[in-house]
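Read-outs throughout are calculated quantities, based only on the coordinates presented, and are distinct from any laboratory measurement. The shown structure was predicted, so the numbers you read here are calculated from the model rather than taken from an experiment. Don't worry about glycine lacking a Cβ; one is built from the backbone with ideal geometry, like all the others, and counts go over all protein chains shown.
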């Protein structure tokens, strides 16, 4: 049991003296890209997850609220069993330690992605979520996210600069595409390291506290063009067409597939620009260099999308001539 950390001592004290639970073991479960930490605790022979979210750095109120909204929409999230808002502690149902990422291979992927897409559909169709009072994925937020690419990846990591007019044009294209899509509930991190494979073979969703109302294709591209694993273009299009047909049946989309694919591609580019910035910030500011390993895949997605749309060809050339060589020369 870990006893050399004041936050953990306080957490265990809360569980044992306030919640009257007998904790016999406490081990790290996982860290994520925020200041939250998770511990697997054993209580009366059963395991649970204790979340540690320091109140000066993380607000757990959105986690609690979104968990409740998702439960009402039959989205499978961990049950909240005990809560301590003052200290930033939660006791959660244990979804185990099998990430979707761990279970994916050529044989398992079709069935597992079918489940993941099935579980995504309520976020796009359930009235409780569509009418929820959630923040909007508006132009301000979209711009703020893309600014991470410029500040942390290009300027801070590569010591480079983006041509202002070119960058402004790219942002305008991506923002316009995002804002013209149907508005749905967006998980914002629906991918293979936030989906757990449960003992009953169902999936459970984690890290949902930043949910917003925004573009239809955001979670879809997070899942299918995942920063941690990639699939062939042919396989991605098969999954994408299948899901498009489900959205048509549910009367969520009225466009043709070509338009839907464009939304998907450009939404993915916006997300991957943001992610490059976040991964760079995690390395430079938070001393988490492992995230740099996923930048080459993320850059590849960006360059690939630019190549598919003439209005982005100039940005593709800039990336290929300036950014990629700087990245490859870097010693990070």
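Here the residues 269, 146, ranked from fewest to most Cβ neighbours within 10 Å of their Cβ, fall in the order 146, 269.
Summed over qualifying helices (DSSP H, 4 residues or more, each -39500 (n - 2.57)) and divided by its residue number, the chain shows a 222 nm mean residue ellipticity of -14000 deg cm²/dmol. A straight chain from residue 46 to residue 97 at 0.36 nm per residue would run longer than the Cα-Cα distance by 16.9 nm.
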